[in-house]
C-alpha cells in the first residue's frame, strides 16, 4: 500500500469556522499532517467530535493572548509547509503571527488566508457571511425560480466551493511552487472571487447570448422543462437532466410525450407550457414507480434522495460514499486515487498535549502553555 498523496506535508490550521476547517479537512483527508490550534477554552470535546470538518487531525489549545503561546505557534510554523487562517485582515498581524514574521523564519511557508472579501479593497475590513459574498460576486443573482427572489444554495457556493476548496487548491499550487523554488508566499483566497470563478461557464453562456439575467428562464436554472425537478404523487421528487438529443428522445419515449410541440426542445418560448404538462404527468405516479419506469433508459434521471436515503442508496453504498466515524455518519474522503489511499476519517478526541512533546516542547513548557495565563 502506498502512502496518501499529501503524506509528508505539514499544515498548521489556526482554528476558525466554515471554509478554513473545510480546507484543513480536504488536506488531512488526502494525507497531510494538519495541526489545528484552538484558542484555550473555545471548544468542548463533544463539539469537536461531532464536526466532520475537524476530522483526521490533532488539536492543541493555546491562549493566543499569551506571548509564550504566540512564540510556541511561531516555533511550530517554522516546521510547517503551510498555514491556514480565516480572520479579518490585520488580526494575525496584531497577534504577531502575520506572514512577514512567519515567512522570515520559514521562507518556504505557504500562508493561506481565507476571507470573504479578500485582504485588500474597500470591503476588506467588513464582516460578512456566505450569502453576502455570493451576492457581491453576482453568483446569487442566478439562483431562484422565474419571477421569484434569489434563493441561496445553503453555503455551498461561497464557504465551501468558492472558499475552502479554492484555498485547498491554492495552498497545493503554492506548496508545489515552494518545493521547486524554495519560495513561500501568501495565498489570498476571497470567497467573492472564488464564487465568481465557479460561475465561469455561465459567464461564457452569457457572453455568447445563451444566458439572460432573468432567473429561472435559462437552460440550467430551472427554465427548461427537460432540466428540472418534479414532484411525484407521493410528495417526493425526481430530477431530469435530458439535455442531449438522445437523452431527450429517451425521455419522450418513457413518458409517451407525443406531438410536434415536444420537438421544440430548445425553444424557450415553449418551455413554460411543456414544463406545466410534465409537472402534471409526474404527479400521476410515485417516485419509486417513476424510478422503475426509467430503469434501463438513458434519460439522465435520478430520484431526489434524503440524507438517510443517500447513505443507503445501492450505488453510494457500493462506492463507499459515506462512512461512520466516532458514531457520526459523514461523507467519505473524495476524490479517489488508483494508487494512493485517502485517510479513513477519525474524529478528534479533544486537545492533544502529547503533540507538543512530539513537536519538541519540554515538560515545563507544556505545563506553562496548558495553563497559559494572559
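Read-outs: derived from the displayed coordinates by stated rules, not from any lab. These numbers come from a predicted model, not from an experiment. As a convention, Cβ positions derive from the backbone with ideal geometry for all residues, glycine included, and neighbour counts pool all protein chains shown.
Summarising the label geometry, the points placed 7 Å from Cα in the beta-carbon direction at residue 93 and residue 201 lie 4.0 nm from one another. Counting neighbouring Cβ atoms within 10 Å and putting the fewest first, the residues 279, 59 line up as 279, 59. Both numbers refer to the Cα atoms of the chain; Rg and Dmax are 24.7, 83 Å.
Taking R0 as 25 Å, what's the FRET efficiency between residue 79 and residue 3 from their Cβ-Cβ distance, rounded to 0.05? Efficiency at R0 = 25 Å is approximately 0.85. Listing 137, 239 from fewest to most neighbouring C-beta atoms within 10 Å gives 239, 137. Could you state the angle between the C-alpha long axis of helix 245-255 and the longest principal axis of the C-alpha atoms of the chain, as a value from 0 to 90 degrees rounded to the nearest 10? The two axes meet at around 60 degrees. The stretch between residue 267 and residue 304 holds 10.6 nm of extra length on full extension. This uses 0.36 nm per residue minus the Cα-Cα distance.
Extension gain for the segment residue 237 to residue 220, taken as residue separation times 0.36 nm less the Cα-Cα distance, is 4.4 nm to one decimal. Helix 67-77 and the long axis of the chain differ in direction by around 60°, with both axes built from C-alpha atoms.
With the convex hull of its Cα atoms as the shape, region 227-315 has an orientation-averaged projected area of 5.9 nm².
DSSP bridge analysis restricted to region 227-315 gives an antiparallel fraction near 100%, rounded to the nearest 5.
For the chain, DSSP calls about 35 percent of its internal beta bridges antiparallel.
Express in whole angstrom the spacing between the alpha-carbon centres of region 73-152 and region 237-312. Each part's Cα centre sits 41 Å from the other's.
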